[in-house]
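Visitor: Sending over a structure as structure tokens; questions will come in a sec.
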Amino acid sequence: MQPGFAMLTAGLTRAKNAGNILMKNLMDFCMSSLGYWAIGFALMYGAGNLFLGGSFFFLQGIPEETSGVPTLAFWLFQLVFAGTAATIVAGAMAERTRFRAYLVYSLVISAVIYPIVGHWVWGGGWLANLGFLDFAGSTVVHGVGGWAGLMGAIILGPRLGRYNSDGSPNAIPGHSLSLAMLGVFILWFGWFGFNPGSTLSGMQANLIAKVAVNTNLAAAAGAIVAMLAAWLRTGNPDVGLSMNGALAGLVAITAPCAFVSPLSAIIIGAVGGVVVIYGVSFLDRIRVDDPVGAVPVHAFSGVWGTLAVGLFHETSGLFYGGGWGQLGIQGLGIIAIFAWTTLTAGMLFVIIKYTIRLRVSPEEERMGLDHGEHAVRAYPDFSVSSLD
Amino acid sequence: MQPGFAMLTAGLTRAKNAGNILMKNLMDFCMSSLGYWAIGFALMYGAGNLFLGGSFFFLQGIPEETSGVPTLAFWLFQLVFAGTAATIVAGAMAERTRFRAYLVYSLVISAVIYPIVGHWVWGGGWLANLGFLDFAGSTVVHGVGGWAGLMGAIILGPRLGRYNSDGSPNAIPGHSLSLAMLGVFILWFGWFGFNPGSTLSGMQANLIAKVAVNTNLAAAAGAIVAMLAAWLRTGNPDVGLSMNGALAGLVAITAPCAFVSPLSAIIIGAVGGVVVIYGVSFLDRIRVDDPVGAVPVHAFSGVWGTLAVGLFHETSGLFYGGGWGQLGIQGLGIIAIFAWTTLTAGMLFVIIKYTIRLRVSPEEERMGLDHGEHAVRAYPDFSVSSLD
Amino acid sequence: MQPGFAMLTAGLTRAKNAGNILMKNLMDFCMSSLGYWAIGFALMYGAGNLFLGGSFFFLQGIPEETSGVPTLAFWLFQLVFAGTAATIVAGAMAERTRFRAYLVYSLVISAVIYPIVGHWVWGGGWLANLGFLDFAGSTVVHGVGGWAGLMGAIILGPRLGRYNSDGSPNAIPGHSLSLAMLGVFILWFGWFGFNPGSTLSGMQANLIAKVAVNTNLAAAAGAIVAMLAAWLRTGNPDVGLSMNGALAGLVAITAPCAFVSPLSAIIIGAVGGVVVIYGVSFLDRIRVDDPVGAVPVHAFSGVWGTLAVGLFHETSGLFYGGGWGQLGIQGLGIIAIFAWTTLTAGMLFVIIKYTIRLRVSPEEERMGLDHGEHAVRAYPDFSVSSLD
């Protein structure tokens, strides 16, 4: 997933910040790797109580197998989820966040904030006990990343020049649709590892196939519907919104992919495509500057996908005669994880803001973070207009 | 395969059309996903007659397993083939096709035109009964895409400025060799899923290994021979032709990969590399403008690869004492599929031309399709000379 | 691995040479494919003596299985190693090597120089008999590529303008950090095939998991430590050095990945990150111009990783009470392979230099190799400052 997010967020931001955003995507996976090795896995899957795991620090004392696969393989797979939660935040806070602040908060998110949520749902915690279902992380992974990104974007404030004094937004287009589209394709492909991989034991070929098909159909439906919705609203089939529609479809189907029919997957993905269109507009209206649309894609569409389990689940879903129970539990889980993530991530960002500073200086932002943070230019052979 | 084609065709076309071509590659896979779910799979693998399948619409009533794998996995794998057939067309018709026309025809190709050919050969139809062999689609997939692209390129006419009034061609170089080469590498890698994956049950490790080795050797030989041929003709080892040589080798080995020896694979790939060089020149001579060389790579080299089964097949091939029978059947299948595809795709493009229009206006073509179709610029931070 | 190296080296060199370096990366894999089919595999795995294999030329007479997998699959996997050894050299000799010289030497390296080393260690040769351990090629693959690259860079001399008359270096930044970072991500991902794949039979799930985890942790540690070291020395978290730190961690863990604990992997990777920082400075001090840092990453960090087996091996390592024996054998193997590679590659480059010439003319170097060697521009829609 990491190269997908790297290319996507780099492509959707300006050339003067490309080196910085790429570096952040590289280093957050490095920090996550060490953080999830030392602490994260222990908090998430260690023996503990309903709220927190407490063994397996530094992978000490792990059993040979977990869920039928070698525990080290299980760890590596789970690390990708932790890294994803952390890297989602980079997009929402792009083009203005200090690099050292980034290192700190991506470590805390992947080693503490995310694993505790993970323990609640996947590590035998209280939400698992209640029957909350999130197959591959619409809320556990994407919600955590998206809500943390939302808090970061709010606390940072918008990029210079993003909103006029009357509150109307100025579009700040990304520097390379090619990179962004490559990122979308890599993510789409990566999702085939992400979602079906969650049926870990690998023996359930039928379930894996169903999950993969649902994942693909939801992405396709999300892209098509987002394209059509943008077309109706603006008169153009917008490229960026269609890409985000595909991603919103993928995020939405992540929770329910193992529990619903292909037709339901199409509906879930399609609604994800609508959610992202309205989500982008909504953030602009409240003047929260999320350069790549990470919050609508991951948080808003993640909420929808998690609720969709309660609607479309083939046995416990409302539309399948399962009553309101599952839907209620899904809602409760969403609210609890929203509260936990916004509270802890918010505190984290505020602490960073008043210690090592969260945001670069205005000059640095104008000159570009590549120059200010890394003394480098991403494209030195080309003249880059955003540099001036 | 989809990101490979997206990067390749984007790289080989101009920056002013990059967003459009990327968007087409994204959306044709989305349209194919829904079209092959609703109709395509039914026409291809449904119970029917020798010419057409007729059950499994919307995947209703599918058996649990097909060819020893879950039917949903089988469907997903087959979808990649359908998407490939559709996306090949995008290259041949690049830089001048209307976006809405593209959506319509890529849906029809992946949901109707391609699946019917697929039924003939892989779904128990009349060509299968005759003994026509096309292991992974030199003709079924690449031929259909290539011939449809040829009809499209003819009906569209060449890009503005492509040919002088005396008929001599002007080279219109693509905007990024990096993207194009990335596309080639992704496709080469993707072919290791495409060809060996066609031995679906996954139990035949020896056959999978042979197919993979043949695939790789043919690609290498195609690239080397195309490079040498270009070197002899122009005095330079041409990058674009070498890339297309690799792809031609891959297309050529697609039909025979399971039936021939590694040495035969090298010969088949090498001839593919020659075919593409002469094919490119031939199209220029008849003034058919195929911006990325999709027709020589997929249609012409696909014909060669399909015939090569009749020559190199280790039991029924002419060179192995199998007589002319297999070769005759291969030729018959090629002709039938050529006729079907050019006829139906030709009709489709003509209908589009006189209803929703197939080609953008000359102004739009000059300004670039990114501007005209999507109100976007692919590289807004850079000054792009093709924009003016 | 090939697309990773292609994107990395292209991104780290100038736009005027991008087509050339991409073409070299494509063609060396093509040449390796044929060379390793015809000769290389025979020299490496054929029946022979302690120094050289001598059967299986053109894959004739190979057994059905090798190491529990189909021999053709084994061959394909080994080909990737041969291609990697050859392509590493491209980076160290970038931006000034003649294309036809490149074709010749990459063929010789992948078909002769590398396979003989491979026979010594993996084909039952004298180093295998002594107990030299190099699980996936820190020295066998990366050392051979790195040392050959060092000889090439020395014999070629530095690029025009790289060093001032007083010996101080001028930085020549690469043209695209995006491409370079994409290359790093692809390589990182490819390493999960490279290292765990070396446990070929695929049955040892626990060992595969351990290898994969070690690979990932070493890469993360290498990147973090290189970033910190660069930060301390220059005041900036350098993007290029961090990327090379990740790669150095990967190279370092390649030899010991199956023999050490995750904690050792972190230490090994971290030291790799330091090695690359000092290696880059060292080459600059002796005025050897290695445009992408291939020698520090592959040769220097490869030495470290190979020695690390002797230190951290869980039974025979010095730190685990195994005494000095393993470490001595590791050192002996490193020296032998260094001597063989520098000698043969050095002779090869000298012969090329005095026959078909190794280096392009100064005008060609100034104009760019894309223009001089291939009559092409990689980015014709953009104005490229390095072209003038």
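Visitor: Which condition breaks for B:P196 when tested against (1) out of contact with any Asp or Glu (no Cβ under 8 Å at 6 or more places or on another chain); (2) within 27 Å of A:S178 (Cβ to Cβ)?
Guide: Going through (1) out of contact with any Asp or Glu (no Cβ under 8 Å at 6 or more places or on another chain); (2) within 27 Å of A:S178 (Cβ to Cβ) one by one, B:P196 breaks only (2).
Visitor: A further question on this structure: Can you name every residue in region C:258-282 that is under 19 Å from C:A226 (Cβ atoms) and of a type outside the set (A, V, I, L, M)?
Guide: If the condition is that a residue be under 19 Å from C:A226 (Cβ atoms) and of a type outside the set (A, V, I, L, M), then C:S264, C:G269, C:G272, C:G273, C:Y278, C:G279, C:S281, C:F282 are the ones that fit.
Visitor: Further, regarding this structure: Given the criteria open to solvent by less than 10 Å² (accessible area, probe 1.4 Å), in contact (Cβ under 8 Å) with a residue 12 or more places away in the chain and facing chain C (nearest Cβ under 8 Å), does A:G83 qualify? Quick ask: steps written out before the conclusion?
Guide: Numbers: open to solvent by less than 10 Å² (accessible area, probe 1.4 Å): yes; in contact (Cβ under 8 Å) with a residue 12 or more places away in the chain: yes; facing chain C (nearest Cβ under 8 Å): no.
No; evaluated as a whole, the condition is false for this residue.
Visitor: Okay, next question. Determine whether A:S33 is within 11 Å of another protein chain (Cβ to nearest Cβ) and hydroxyl-bearing (S, T, Y). Quick ask: steps written out before the conclusion?
Guide: On the way: within 11 Å of another protein chain (Cβ to nearest Cβ): yes; hydroxyl-bearing (S, T, Y): yes.
Considered against the rule, which asks whether it is within 11 Å of another protein chain (Cβ to nearest Cβ) and hydroxyl-bearing (S, T, Y), A:S33 comes out as yes.
Visitor: Between B:A246, B:A255, which is touching a helix residue (DSSP H, G or I) at 6+ places or on another chain (Cβ under 7 Å) and within 14 Å of chain C (Cβ to nearest Cβ)?
Guide: On the way: B:A255 fails: within 14 Å of chain C (Cβ to nearest Cβ).
The match here is B:A246.
Visitor: How about region C:1-49: which helices (runs of 4 or more DSSP H) wholly inside it have at least 3 residues that are in contact with a helix residue (DSSP H, G or I) (Cβ under 8 Å, 6 or more places away or on another chain) and under 17 Å from C:A92 (Cβ atoms)?
Guide: Working: elements: C:2-11, C:18-35, C:41-45.
Where helices (runs of 4 or more DSSP H) fall fully within region C:1-49 and carry at least 3 residues being in contact with a helix residue (DSSP H, G or I) (Cβ under 8 Å, 6 or more places away or on another chain) and under 17 Å from C:A92 (Cβ atoms), they are C:2-11, C:18-35.
Visitor: Next up: Of all residues in region A:292-305, how many are under 14 Å from A:I267 (Cα atoms) and not small (G, A, S)?
Guide: 1
Visitor: Hey, another quick one. Would you check which residues across region A:50-70 are touching a residue at least 60 places away in the same chain (Cβ under 8 Å), part of a strand (DSSP E or B) and surrounded by fewer than 20 Cβ atoms within 10 Å (Cβ to Cβ) and list them? Steps first, please.
Guide: From region A:50-70, those touching a residue at least 60 places away in the same chain (Cβ under 8 Å) are A:50-53, A:67-69; that's our starting set.
Retained after the next criterion (residues that are part of a strand (DSSP E or B)): A:53, A:69.
Selection gives A:V69 alone.
Visitor: Among all residue pairs at least 6 apart or on different chains, which show Cβ distances below 6 Å where the first residue, located in region A:330-341, is under 14 Å from A:W126 (Cβ atoms) and the second is β-branched (V, I, T) and in a helix (DSSP H, G or I)?
Guide: From residues that are under 14 Å from A:W126 (Cβ atoms), the pairs are A:I337/A:V117; A:I337/A:T139.
Visitor: Given the residues A:A73, A:A136, which is the only one that is touching a helix residue (DSSP H, G or I) at 6+ places or on another chain (Cβ under 6 Å), without any contact (Cβ under 8 Å) to a residue 40 or more places away in the chain and farther than 21 Å from A:V292 by Cα? Spell out the reasoning first.
Guide: Working: A:A136 fails: without any contact (Cβ under 8 Å) to a residue 40 or more places away in the chain.
Just a single option satisfies the conditions, and that option is A:A73.
Visitor: Just to be sure, is C:N236 within 13 Å of chain A (Cβ to nearest Cβ), buried (at least 23 other Cβ atoms within 10 Å of the Cβ) and closer than 25 Å to C:N164 by Cβ? Walk me through it before giving the result.
Guide: Details: within 13 Å of chain A (Cβ to nearest Cβ): yes; buried (at least 23 other Cβ atoms within 10 Å of the Cβ): no; closer than 25 Å to C:N164 by Cβ: yes.
No: the conditions fail for C:N236.
Visitor: Looking at the structure I just gave you, is B:L179 modelled with pLDDT of 95 or more, open to solvent by 10 Å² or more (accessible area, probe 1.4 Å) and within 14 Å of chain C (Cβ to nearest Cβ)?
Guide: Details: modelled with pLDDT of 95 or more: yes; open to solvent by 10 Å² or more (accessible area, probe 1.4 Å): yes; within 14 Å of chain C (Cβ to nearest Cβ): yes.
When the stated conditions are applied, B:L179 passes them.
Visitor: Looking only at region C:59-69, decide whether some residue is in contact with a His (Cβ under 7 Å, 6 or more places away or on another chain) and either closer than 23 Å to B:G240 by Cβ or more than 12 Å from chain B (Cβ to nearest Cβ) (or both).
Guide: No, every residue in region C:59-69 fails to be in contact with a His (Cβ under 7 Å, 6 or more places away or on another chain) and either closer than 23 Å to B:G240 by Cβ or more than 12 Å from chain B (Cβ to nearest Cβ) (or both).
Visitor: Filter region B:110-120 down to residues that are over 17 Å from B:D28 (Cβ atoms) and open to solvent by 10 Å² or more (accessible area, probe 1.4 Å), then give me how many there are.
Guide: Result for region B:110-120: 2.
Visitor: Enumerate the helices (runs of 4 or more DSSP H) found wholly within region B:302-388, keeping only those where 2 or more residues are of a type in the set (D, E, K, R) and either within 14 Å of chain A (Cβ to nearest Cβ) or open to solvent by 20 Å² or more (accessible area, probe 1.4 Å) (or both).
Guide: Values: elements: B:325-353, B:362-367, B:369-374.
Hits in region B:302-388: B:362-367, B:369-374.
Visitor: Could you tell me whether C:A171 is crowded, with 17+ Cβ neighbours inside 10 Å, facing another protein chain (nearest Cβ under 10 Å) and without any contact (Cβ under 8 Å) to a residue 24 or more places away in the chain? Spell out the reasoning first.
Guide: Details: crowded, with 17+ Cβ neighbours inside 10 Å: no; facing another protein chain (nearest Cβ under 10 Å): yes; without any contact (Cβ under 8 Å) to a residue 24 or more places away in the chain: yes.
No.
Visitor: Could you please find all residues in region A:20-49 being open to solvent by less than 30 Å² (accessible area, probe 1.4 Å) and more than 21 Å from the chain's Cα centre (by Cα)?
Guide: Result: A:A38, A:A42, A:G46.
Visitor: Out of all the residues in region C:282-299, which are assigned to a loop (DSSP other than H, G, I, E, B) and free of Cβ contacts under 8 Å to residues at least 40 places away in the same chain?
Guide: C:I286
Visitor: Can you pull out the residues in region C:207-233 that are buried (at least 23 other Cβ atoms within 10 Å of the Cβ), farther than 24 Å from C:A171 by Cα and touching a residue at least 40 places away in the same chain (Cβ under 8 Å)?
Guide: Once the filter is applied, which keeps residues that are buried (at least 23 other Cβ atoms within 10 Å of the Cβ), farther than 24 Å from C:A171 by Cα and touching a residue at least 40 places away in the same chain (Cβ under 8 Å), region C:207-233 yields C:K210, C:V211, C:V213, C:N214, C:T215, C:L217, C:A218, C:A219, C:A220, C:A221.
Visitor: I would also like to ask the following. Just the residues that are in contact (Cβ under 8 Å) with a residue 60 or more places away in the chain and either under 17 Å from A:I266 (Cα atoms) or aliphatic (A, V, I, L, M) (or both), please, taken from region B:8-33. Outline the logic, then answer.
Guide: Step one: of region B:8-33, the residues in contact (Cβ under 8 Å) with a residue 60 or more places away in the chain are B:8-25, B:27-28, B:31-32.
Result: B:L8, B:A10, B:L12, B:A15, B:A18, B:I21, B:L22, B:M23, B:M27, B:D28, B:M31, B:S32.
Visitor: Residue by residue through region A:215-233, note down the ones that are more than 9 Å from chain B (Cβ to nearest Cβ), under 21 Å from B:P70 (Cα atoms) and not small (G, A, S).
Guide: Selection gives A:T215 alone.
The values are calculated or read from the model by the stated rules, or taken from the named source; none is laboratory data. Model, not experiment: these values are computed from the prediction. A quick note on method: Cβ atoms are made from the backbone with ideal geometry, for glycine too, and the neighbour counts reach across all protein chains shown. Just so you know, the surface numbers come from the protein's heavy atoms only, side chains and all, with ligands and any DNA or RNA stripped out. Shrake-Rupley method; radii C 1.70, N 1.55, O 1.52, S 1.80 Å.
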